[in-house]
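Have a look at the structure below before the remarks.
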Amino acid sequence: MARIEMESLNKVYPNKVHAVKDFDLMVENGSFTTLVGPSGCGKTTLLRMIAGLERSTSGKIKFDGKEVSALSPKQRNVSMVFQSNSLFPNKTIYENMAIGLQMRKVPKRDIDRKVRSAAEMLNISSLLGKMPNEISGGERQRGAIGRAIVKEPNVFLFDEPLSNLDAKLKARMRHELRALQKQLKGTFVYVTHDQTEAMSMSDRLVVMNHGVLEQEGVPLDLYDHPVSIFVAGFLGGSEMNFIDCVIKRTDKGLIAYNDDLSVTFPYSPELEKYIGVIVVMGIRPEHIKLGGETAFEVISTENLGSDSYLRIRRGALDLTVKASDVCNSVLVLNFAFPPEHLHFFDKITGKAIY
Ligand SMILES: Nc1ncnc2c1ncn2[C@@H]1O[C@H](COP(=O)(O)OP(=O)(O)O)[C@@H](O)[C@H]1O
Ligand SMILES: [Mg+2]
């Protein structure tokens, strides 16, 4: 398995779309790294450049320190699994898994051993004799993953492989893929637009925005310390609340206030130059707590079984709160905004202030 380095990588398509911009990233050997971001942000382009399916306009890609930019996908020995089933329809699952090795003239006995061992890992041993159209979508994706495994690649590349599966199967496959990666100790680069997938499976997350690497790191670090409104809003099952406030200094510390709200929190030097300026205060739905002095009208309740979310309003403020045991019939409730869970962003740049 290989470590991947990208240095000042750019991709400009002939139609002038700048799909990947000055990308610098190190993917550690044996790590599960996920590229995540909204549709069109350049994830597939970047993955295809790693694979060698797309030429980069400038910059370098290295596998274990060796530049691979001039090498074909075959020479790079990468395996790629796509969103939709890419199996040959007129071949059995066994033949589909074996075909890459047959082309490399690997001895039949070795092919057989490798195919059966991968099939066992993926729980599809009983399906090896079936044709792709005789099995379910989830089983076909396993077949495609099996084909990737038998190649014993330097790097596994996945482009939204679970997108076409139903929610339950998706959840199961998330666990299985993670377990598989651990078992193979493989370098996995996984692409998804789904933040739940990204948060739950990865060692490292790479959040992309319009071709730019917005933030990279351990999933929970990104969740707790987003560097921008973009990352803060993108990660999280229910979006962070963003509230325009002015910062004021008092003898008790700082106050963030607007017409409807006033929140006191400890002084921090980073906010000094924002005193008297409008900033964006962020707080996640699970961090707004019952209590305090500020009364809100409860507009609606969304009950998801394990969690429920309230929409609450006060003047021009419209917020989402995760509620554990709030009675549905209550119309007015007080809420508090614990200082330790507040985020502050520069309103103009969208970047976190601290
Ligand atoms: N072959 C291509 N030619 C021109 N533009 C492309 C091509 N492929 C992708 N793009 C553009 O590049 C941008 C990034 O696309 P893509 O990498 O597919 O994003 P994602 O996978 O994150 O949805 C988009 O604006 C898309 O329209
Ligand atoms: Mg894509």
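The values are calculated or read from the model by the stated rules, or taken from the named source; none is laboratory data. This is a predicted model, so every value here is computed, not measured. No Cβ is skipped: glycine too gets one built from the backbone with ideal geometry, and neighbour counts run over all protein chains shown. These accessible areas exclude ligands, DNA and RNA; they are computed on the full protein's heavy atoms, side chains included. Shrake-Rupley method; radii C 1.70, N 1.55, O 1.52, S 1.80 Å.
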Q: Inspect all residues belonging to region 33-47 and state whether any of them is out of contact with any Asp or Glu (no Cβ under 9 Å at 6 or more places or on another chain) and more than 16 Å from ligand 2 (Cβ to nearest atom).
A: no
Q: Answer yes or no: is there a residue in region 71-82 that is open to solvent by 40 Å² or more (accessible area, probe 1.4 Å) and within 16 Å of ligand 2 (Cβ to nearest atom).
A: yes
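Kindly indicate the residue of region 234-285 that is at positive phi and assigned to a loop (DSSP other than H, G, I, E, B) and also surrounded by the most Cβ atoms within 10 Å (Cβ to Cβ) among those meeting that condition.
First pass over region 234-285, keeping only residues at positive phi: 236, 253, 276.
Filter once more, so that each one left must be assigned to a loop (DSSP other than H, G, I, E, B): 236, 276.
Details: Gly236: 17, Gly276: 9.
Among them, the one singled out is Gly236.
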Q: For Leu254, state whether it is in contact with a Cys (Cβ under 8 Å, 6 or more places away or on another chain), among the aliphatic types (A, V, I, L, M) and not assigned by TED's automatic domain parsing to the domain that holds Met199.
A: no
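Could you go through region 153-174 and let me know if any residue there is within 16 Å of ligand 1 (Cβ to nearest atom), of a type in the set (Asp, Glu) and buried (at least 16 other Cβ atoms within 10 Å of the Cβ).
Taking region 153-174 and keeping what is within 16 Å of ligand 1 (Cβ to nearest atom), we get 157-164.
Narrowing the set further to residues that are of a type in the set (Asp, Glu) leaves 159-160.
This time we only want the ones that are buried (at least 16 other Cβ atoms within 10 Å of the Cβ), so: 159-160.
For region 153-174, residues within 16 Å of ligand 1 (Cβ to nearest atom), of a type in the set (Asp, Glu) and buried (at least 16 other Cβ atoms within 10 Å of the Cβ): present.
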**Q.** Selected residue (only one of Asp22, Asp64 is within 20 Å of Lys185 (Cβ to Cβ) and away from ligand 2 (no atom under 13 Å from the Cβ))
**A.** Asp64
**Q.** Selection from region 121-132 of residues that are in a helix (DSSP H, G or I) and at pLDDT 95 or above
**A.** Ser125, Ser126, Leu127, Pro132
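For region 58-68, which residues satisfy the criterion of being part of a loop (DSSP other than H, G, I, E, B) and exposed (fewer than 14 other Cβ atoms within 10 Å of the Cβ)? Even if it seems obvious, please write down each step before you answer.
Our first condition is that a residue be part of a loop (DSSP other than H, G, I, E, B); within region 58-68, this holds for 64-65, 68.
Scanning region 58-68 gives Asp64, Gly65.
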Q: Would you list the strands (runs of 3 or more DSSP E) that sit entirely within region 4-57 and hold 1 or more residues that are over 14 Å from the mean Cα position of the chain (by Cα) and assigned by TED's automatic domain parsing to the domain that holds Ser69?
A: 4-12, 18-27
Q: May I ask you to list the residues in region 102-138 that are among the acidic types (Asp, Glu) and either in contact with a strand residue (DSSP E or B) (Cβ under 8 Å, 6 or more places away or on another chain) or open to solvent by 60 Å² or more (accessible area, probe 1.4 Å) (or both)?
A: Glu120, Glu134
Q) Inside region 187-229, counting only strands (runs of 3 or more DSSP E) that do not spill past its ends, which hold 2 or more residues that are open to solvent by 60 Å² or more (accessible area, probe 1.4 Å), over 25 Å from Ser8 (Cβ atoms) and not small (Gly, Ala, Ser)? A) none
